[in-house]
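One structure below.
The values are calculated or read from the model by the stated rules, or taken from the named source; none is laboratory data. Keep in mind it's a predicted model, so treat the numbers as computed, not measured. As a convention, Cβ positions derive from the backbone with ideal geometry for all residues, glycine included, and neighbour counts pool all protein chains shown. Please note that ligands, DNA and RNA were not included when accessible areas were found on the heavy atoms of the full protein model with its side chains. Shrake-Rupley method; radii C 1.70, N 1.55, O 1.52, S 1.80 Å.
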Amino acid sequence: MGELATETQFHVLAVDDSIIDRKLIERLLKTSSYQVTVVDSGVKALEYLGLIEDDSGSNDSTRRNPHPHEVEVNLIITDYCMPGITGYDLLIKIKESTSLRDIPVVIMSSENVQSRINSCLEKGAQEFFLKPVQQSDVNKLRPHLFRGKA
C-alpha cells in the first residue's frame, strides 16, 4: 500500500471565491500530499476541466492550456456559495458530463443548511464539509480518490 502512495499523487481541483478559504484548503491538501490546482470561480473550474471555452477571444487560458485533460483531476472540492456558477451548479455540470461524471465532487459551505446538504448529496456529491475545513475532513477524501481510480 505504501508503494502505491508513492507512485500515485492524486490531483485535486479546489474551487473557492474566498482567497482565505482557498489558501486553507490548498495547505490542508498539500499537507496530505495531494497535487492541488486552485481556481477562484465555477467558470474557471469549467474552463480548466474543458467544459467551456474561454470566450474572451484573447490568447490566454485556452491557448496556454489547449488540452485541459493532460493533467487528470481525481477529485473536485468546491465552495457551495459563489457568484455566477455556484458549487451546486458546478456539481450538476460535472455529473452531466460523460467524460467527468465519475470524478468525485465534494462541496464545502460555511452554512449548515440540511436541505442544501441533502440536495448536493442527492445530485452526486461524495461529501459535504462545513467550513472551516479541517484536516479530519481532508482525511475522508482518500477512499473517494481510490474509488475514482478503480
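Structure data summary
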item: Residue list for the stretch 67-96, filter: among the aliphatic types (A, V, I, L, M), open to solvent by 20 Å² or more (accessible area, probe 1.4 Å) and either closer than 20 Å to LYS140 by Cα or modelled with pLDDT under 95 (or both); result: VAL71
item: Which listed residue, of SER136, SER99, is over 14 Å from the mean Cα position of the chain (by Cα) and open to solvent by less than 80 Å² (accessible area, probe 1.4 Å); result: SER136
item: Residue in the stretch 15-36 that is nearest to the chain's Cα centre (by Cα), counting only those that are crowded, with 16+ Cβ neighbours inside 10 Å and not in a helix (DSSP H, G or I); result: VAL15
